[in-house]
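Asks: Before anything else, here's the structure in question.
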Amino acid sequence: MRVVVCGGAGYIGSHMVRKLIEAGHTPVIFDNMSTGHQWALAEAFKGAEAKNIQPVVVSGDVLNMADLENLFEKNQADAVMHFSARSLVSESVQKPDLYYHGILVGSLNLLAAANRARVDKFIFSSTAAVYGTPDQTPIEENCPARPITPYGHATRMVEMILEDYAQAQGLKSVALRYFNAAGADPDGGLGEDHTPETHLIPNVLKAILGQTPPLEIFGNDYPTPDGTCIRDYVYVGDVAQAHLLALNYLNSQPEPGFSAFNIGSGKGFSVLEVMAAAERVTGQWVPYAFAHRRQGDPPVLVASAEKAKKTLGWNPEIPSLDEIIRTAWRWFSRRAQPS
Ligand code: UFG
């Protein structure tokens, strides 16, 4: 299949590009390179030649309709995967306009262009943030979606749009609600590189490496056993694998429709537990200090991923937090060495 990967040069997108190539599909990457990297694409393409696959890269922005029309005019596609959106919970509280505009207009444009090109399969990068502060743990997909941030609201709105487009436009779509994607390709090559970095595991490892000041722990007065927030960390390669399975699932669906799946490990770890795991893996102390709570952070987000396991056949390859951190440690410590 030829699969448009919007945001294919980013952290999760580049793992996806590699995974598509490994599975024998041709990725058509569409990226404005605002947060993506050329090196990530070069790395993701490494296995392509041996498989006689010619990945395509199209430079453009989902906020520009002409760019999207050009993408679909020049490239036949069977499915679209949409990774290109801002995804920082706390930033969305500070800059709601950026999030509503980017997520809603970008997705509407992409859906319109795909519909015009008669592409009827769509996989959307959704988020645990659609649940807000959930009443139950682990969270199942039928728990009420009551977002508490602009990022969560806008992403949930896109899910509702996808649901409406099933009937109106014959769209077959899946929303994958990621919990906390983390880790790096175990062979090196692909990994996380955000500027500025805001995510916990990279910040813990960078603090160990002395690349940043001591880790700030955002809040120690949450209603959790140790007072710090609990999250569900899921290996980035397993997130990409879920998309591949979602693609198979959409191919097998005779009728238009929309489904949402949680993508998480089902296990929750507090910030202090993540630090302890990083200390076990690296054999080094994490320098840290407690700081104020960050805006938009719910105390606990842990997935039930049973639906993805049963319906998609998803089975995480690296379910252990220590192993996820080990892949990230290899990545960050290798990059810290002078080349
Ligand atoms: N944290 C710190 N210090 C840091 C960074 C993070 O204490 O330097 C804390 C946060 O306050 C939070 C936890 O660590 O409690 C995890 O924070 P991340 O920034 O790593 O991840 P988030 O849970 O905020 O968000 C991530 C993605 C979102 C996604 C969400 C789903 O960035 O896109 O997971 O759970 F919606």
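Asks: Going by the conditions given, is residue 23 buried (at least 21 other Cβ atoms within 10 Å of the Cβ), among the aliphatic types (A, V, I, L, M) and in contact (Cβ under 8 Å) with a residue 60 or more places away in the chain?
Replies: When the stated conditions are applied, residue 23 does not pass them.
Asks: If we scan segment 96-104, do we find a residue that is in contact with a His (Cβ under 8 Å, 6 or more places away or on another chain), within 30 Å of residue 310 (Cα to Cα) and among the aliphatic types (A, V, I, L, M)?
Replies: no
Asks: Pairs please, first residue from segment 271-289 and modelled with pLDDT of 95 or more, second anywhere and hydroxyl-bearing (Ser, Thr, Tyr), Cβ atoms under 7 Å, 6+ apart in sequence or on different chains.
Replies: 271/228; 272/228; 275/288
Asks: Still on this model: Considering only residues of segment 288-323 that are within 25 Å of residue 333 (Cβ to Cβ) and more than 12 Å from the ligand (Cβ to nearest atom), which is surrounded by the most Cβ atoms within 10 Å (Cβ to Cβ)?
Replies: Residues of segment 288-323 that are within 25 Å of residue 333 (Cβ to Cβ), as a first pass: 288-289, 316-323.
If we keep only those that are more than 12 Å from the ligand (Cβ to nearest atom) as well, we get 316-323.
Details: 316: 21, 317: 10, 318: 19, 319: 16, 320: 14, 321: 26, 322: 13, 323: 16.
Looking at residues that are within 25 Å of residue 333 (Cβ to Cβ) and more than 12 Å from the ligand (Cβ to nearest atom), I get 321.
Asks: Just to be sure I understand, how many residues within segment 170-208 are more than 15 Å from the chain's Cα centre (by Cα), at pLDDT below 95 and away from the ligand (no atom under 12 Å from the Cβ)?
Replies: Total meeting the criteria: 5.
Asks: Quick one: how many residues across segment 188-217 are in contact with a strand residue (DSSP E or B) (Cβ under 9 Å, 6 or more places away or on another chain), buried (at least 19 other Cβ atoms within 10 Å of the Cβ) and not in a helix (DSSP H, G or I)?
Replies: Matching residues across segment 188-217 total 3.
Asks: What is the one condition in (1) away from the ligand (no atom under 11 Å from the Cβ); (2) crowded, with 22+ Cβ neighbours inside 10 Å; (3) in the same structural domain as residue 320 (by TED's automatic domain parsing) that residue 150 does not satisfy?
Replies: (3)
The values are calculated or read from the model by the stated rules, or taken from the named source; none is laboratory data. Treat the numbers as computed from the prediction; the structure is a model and nothing was measured. Because the Cβ atoms are built from the backbone with ideal geometry, glycine has one as well, and the counts that use them run over all protein chains shown.
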